[in-house]
Amino acid sequence: MTLRILLVSDNYPPYIGGAHRQTQLLGKELQKRGHEVQVVTVWQPGLPEQADDNGVTVHRIKQLRTWLPWFVSDKQQHQPPFPDPISIWGVQRVLESFQPDVIHAYGWFTYALVAAMGSKKIPLLISGRDYAYSCATRTLLYKKRAPCNGPQLRKCLTCASHQYGVVAGWTAVLGVAAGKWQLRNKVTGIHSISTYVQEIIERDFLSQAQSAGSHVNSEGSHSIKAVIPSFRENGIDTVRYSEDPTLQRYVEQLPATPFILFVGALRKVKGVEQLLAAYTRLASPPPLVLIGTYEEDTPQEFPPGVTVLQNFPHRAVLAAWEKALFGVIPSLWPEPLGSVVYEGMSRGRAMIGTKPGGHTDMIIDGKTGLLTPLGDVDALTDAMQFLIDQPAVRERFGAAALEHAERFTAKVNVPRFEQIYRQLIDATSSNTEQHNALAVER
């Protein structure tokens, strides 16, 4: 059955980000499977309000501040944690013209979507790709230091003010709190990208009664919960990117000898400082390569043996994985999942990650890689030294990682989304029929 599917996301390529790319990949794969797909996302300066992305129509919706020139810059625009009136109007126009069978939404743009839906009975699946539906900073870190044990108004106001400033912090907290109530009453399905994210959604977004299984929202709709991981594109496993002549200018920037590889934003929350500290403690270490973007809190200096590379396209990053010894992703925050991990695994590389968080869904400790506690430099040093000193174990982990990475492919996971969409449509249709029958009886 062909479906009209509307994907709603806070952001979308060409801006880089795991959630951005997942929305694009999902739309692309659904369109290949015969569905009609459109995307609603935030308008960005310099980009058209509507575009065709290989058969997927992308609507970039403006915000109230878009009409106020002093608020617009050339930096990436973000959706606020409340229903922006201009965004509501823009989404309403898309709903009227597209008439979707099902809506799949991620992030704070969902608040504008729900307001735009009004009384429309359209099945709504929301995705937990981070902690946006319960955490005003979206990181689940209290004051950027330690994993949060759950929302409390005073604590959230203090934490968000610490990150954003008082006015923006309080606005974010109150917006998320109001949005939580709004979504609970409208959502018909909840998707999490990892078991850890699902646990946090059950703890911080759903009530205790709802977390026991499926729940019923205020409109009586049966809500389905599922864990489906992010995934990589079909057909990339047979490609050797390091041998692609179009990528040679990137490959030539890599060390001539095998190296340890980190991929991600060069931020404190990604554990870059801990990684550098651990690296300086290693005995006879190979080179360490960091591929990512500079941020406000990026270290100003790097130890000898460290190479920092920017502006690597995705295919060039895959080429780098093929030349790496192993990967290290030492995040300080509980990663919702971390697509970098399974991408490294897909190139047959052992990975070092952190716990708690979504890394535990990908890295089987002692089989496909190693897991270390968040922020533990000693444990991180020991794990890196172990993989350096034990090449046979490293190769065995890499082979197991390559096999395990098959679980994170489009061919495995896109059909699972299709199944959920159809379940939600059937449940909503059944609920509407029951509601109409009761109305007739009355």
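The values are calculated or read from the model by the stated rules, or taken from the named source; none is laboratory data. Everything numeric in this text was worked out from a predicted model, so none of it was measured. Counting neighbours? That spans all protein chains shown, and the Cβs are built from the backbone with ideal geometry, glycine included. Ligands, DNA and RNA are stripped out before the accessible areas are found, and what is left, the full protein with its side chains, is counted by its heavy atoms. Shrake-Rupley method; radii C 1.70, N 1.55, O 1.52, S 1.80 Å.
A few points about this structure:
- Approximating the spin labels as points 7 Å out from Cα along Cα→Cβ, the residue 233-to-residue 416 distance works out to 2.2 nm.
- Fraction in percent of alpha-carbon pairs per bin - 10 Å, region 225-359: 12, 43, 35, 9, 1
- Considering only the Cα atoms of the chain, their convex hull presents on average a projected area of 22.3 nm².
- Overall form of region 1-146 per C-alpha gyration tensor (a/c, 1.5; a/b vs b/c): rounded
- Relative to the dominant Cα principal axis of the chain, helix 391-404 is inclined by about 20°.
- Residues in region 43-50 carry Karplus couplings, in order, of 5, 10, x, x, 10, x, 6, 9 Hz; the curve used is 6.51 cos²θ - 1.76 cosθ + 1.60 with θ = phi - 60°, and Gly or Pro positions show x.
- For region 1-141: relative contact order, % (alpha-carbon pairs under 8 angstrom, 6 or more apart): 24 percent
- Rg/Rh for region 322-424, where both radii come from Cα atoms and Rh is the Kirkwood radius: 1.04
- Evaluated at q = 0.18, 0.26, 0.32 Å⁻¹: base-10 log I(q)/I(0), Debye formula over Cα of region 390-430: -0.62, -0.82, -0.95
- The order of the peptides 392-405, 348-361 by mean Cβ neighbours within 10 Å, most packed first, is 348-361, 392-405.
- Simple label model, 7 Å out from Cα along Cβ direction - residue 406 to residue 33, nm: 1.9 nm
- As a rough guide to protection, the peptides 139-146, 250-257 ranked by mean Cβ packing within 10 Å, highest first, stand as 139-146, 250-257.
- Accessible surface, per residue, of region 308-440 when the full set of protein chains is kept, probe 1.4 Å, Å²: 39 Å²
- The Cα center of region 348-391 and the Cα center of region 250-278 differ in position by 15 Å.
- If you wrap region 282-368 in the convex hull of its Cα atoms and look at it from every side, the mean projected area works out to 6.5 nm².
- Heavy-atom accessible surface of the chain: percent carbon and sulfur, 1.4 Å: 53 percent
- With all protein chains kept in place, the per residue accessible area of region 90-157 amounts to 37 square angstrom at a probe of 1.4 angstrom.
- Here each label is just a point 7 Å from Cα along the line to Cβ, and for residue 178 and residue 120 those points are 2.2 nm apart.
- Inter-part distance where region 132-167 and region 1-66 are each reduced to a Cα centre, Å: 29 Å
- Note on residue 396 and residue 78: with the Förster distance fixed at 41 Å, the Cβ-Cβ geometry gives a FRET efficiency of about 0.45.
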